[in-house]
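First up is the structure itself, then whatever we jot down about it.
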Amino acid sequence: MKKFSLIVLVMLIPFVALAASYGDNQYQKLAEAYTVRAQDAFDSGEYDLAVEYTIKAEENAELSRQYVEMMLLRSEADTQIRVARNRLVWARSIKADENFPEMYNESMSLVEQAQVAFSGEKYEEAKKLALQSMDALAGLQEMDDERKRLEEEALAKAKKGVYPEYYIIHDWNKTKDCFWNIAAKPFVYNDPYKWEVLYEANRGVLDNASNPDIIQPEIKIRIPSLAGEVREGTYDPEQEYNVFEEK
């Protein structure tokens, strides 16, 4: 019979260890108290009473185990909800609510559902929803980095300025300016075969409108928009322009 009582005590050890962080719970205290009573009854020869106390000790040890599991799950669910909320704060800091509203709103909804589940003591569900909330924002950093990259590229492109609308003819011996060569310039049409567009648009400023091969230096010719592109200002060699691409 002493061997029996020792087995009961050994069975309680895992529950005591598991309850270490919540060792003050009432079930564990009852399990320990009933264990003491079982041992006292056994030592007094009251074996039936010892068995009864042992059963109660086991029942309370099981309740203690369940309580500890619940409290651990509660703590984990609470932690995951806090992490998910912090993730949303970070998401707002990079304006995900504005730039990626669908992702942000889905994550927010899942956090709110997790909180409701937590309040209803559905800790497993609360934990699952909190993790889903964070999953909803997966890849957000990469997407935001890509968005910023594209914005920077667009800004850099914009800084190059629009295409020039006017070009001042220089001396042939220095620049070889003619409608053919001007049309071939990247910021004009990037295509020498478009020279006739320039010629027709500027016949009125030529000394000899019937001869496109003769254009005098210092005149300002206009570069008409060929594909709806924006053109303004006079060509400035100090400024960087986009390369024209006809869509």
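Derived from the Cα gyration tensor, the three semi-axes of the equivalent ellipsoid of segment 103-195 are 63, 10, 9 Å, largest first.
Around LEU30, what is the net charge, scoring Lys/Arg as +1 and Asp/Glu as -1 over all other residues with Cβ under 15 Å from its Cβ?
Details: positive: LYS29, ARG37, LYS56, ARG65; negative: ASP24, GLU32, GLU52, GLU58, GLU59, GLU62.
Counting the neighbours of LEU30, the net charge comes to -2.
Rounded to the nearest whole Å², what accessible area per residue is found for segment 28-115 with the 1.4 Å probe?
Values: 5040 Å² over 88 residues.
With the other protein chains kept in place, segment 28-115 gives 57 Å² per residue.
For LYS128, the aspartates and glutamates whose Cα comes closer than 13 Å to its Cα, not counting residues fewer than 8 places off in the same chain, are GLU76, ASP78, GLU112.
Per-residue surface analysis assigns ARG149 an accessible area of about 100 Å², computed on protein heavy atoms at 1.4 Å probe radius. Calculated mean residue ellipticity at 222 nm for the chain: -21000 deg cm²/dmol, from DSSP H runs with n ≥ 4 weighted as -39500 (n - 2.57), summed, divided by the residue count and rounded to 500. As a length-normalised measure over Cα pairs under 8 Å and 6 or more apart, the relative contact order of the chain settles at 14 percent. Between their Cα atoms, which of LYS148/LYS185; LYS174/LYS194; LYS185/LYS220 are more than 27 Å away from each other? As for pairs spanning more than 27 Å Cα to Cα, those are LYS148/LYS185.
The structure shown yields volume of the Cα convex hull per residue in Å³, and of the options (i) 132; (ii) 143; (iii) 179 that calculated value carries the label (iii).
Using a probe radius of 1.4 angstrom, the carbon and sulfur fraction of the accessible surface of the chain is 52%. Counting only heavy atoms of the protein chains and using a 1.4 Å probe, ASP207 has close to 130 Å² of accessible surface. Taking every alpha-carbon pair under 8 Å whose residues sit at least 6 apart, segment 114-237 reaches a relative contact order of 26 percent. Summing charges over neighbours of TYR104, with a neighbour being any other residue whose Cβ is under 10 Å away from its Cβ, gives -2 when K and R count +1 and D and E count -1.
Net charge within 11 Å of GLU46 by Cβ-Cβ distance, Lys/Arg positive one each and Asp/Glu negative one each, not counting GLU46 itself? It would help to have the intermediate numbers written out before the result.
On the way: positive: ARG37; negative: ASP40, ASP43, ASP48, GLU52.
With Lys, Arg at +1 and Asp, Glu at -1, the neighbours total -3.
What is the distance in Å between the Cα centroid of segment 18-77 and that of segment 171-247? Their Cα centres are 94 Å away from one another.
Ordering LYS174, LYS56 by how much accessible area each has at a 1.4 Å probe, largest first, what is the list?
Working: LYS174 175, LYS56 65 Å².
Order by accessible area, largest first: LYS174, LYS56.
Using heavy-atom solvent-accessible surface (probe 1.4 Å) with all chains present, what is the largest-first order of THR35, THR234? It would help to have the intermediate numbers written out before the result.
On the way: THR35 15, THR234 55 Å².
Per-residue accessible area, sorted high to low, gives THR234, THR35.
Against the chain, whose longest principal axis comes from its Cα atoms, helix 140-159 is set at around 20 degrees.
In degrees from 0 to 90, rounded to the nearest 10, what is the angle of the helix 47-93 Cα long axis to the longest principal axis of the chain? Helix 47-93 sits roughly 10 degrees off the main axis of the chain. Ranking VAL230, TYR166, MET71 by Cα position along the charge dipole of the chain, where only Lys, Arg, Asp and Glu carry charges on their C-beta atoms, puts TYR166 farthest toward the positive end. Annotation: GLU98 carries an accessible surface of approximately 120 Å², with a 1.4 Å probe and no ligand, DNA or RNA atoms counted. In the chain, the longest principal axis of the Cα atoms and the axis of helix 123-136 are about 10 degrees apart.
The values are calculated or read from the model by the stated rules, or taken from the named source; none is laboratory data. Every value quoted in this text rests on a predicted model; they were computed, and no experiment measured them. Cβ atoms come from the backbone with ideal geometry, glycine included; neighbour counts cover every protein chain shown. Side chains included, ligands, DNA and RNA excluded: accessible areas come from the protein's heavy atoms. Shrake-Rupley method; radii C 1.70, N 1.55, O 1.52, S 1.80 Å.
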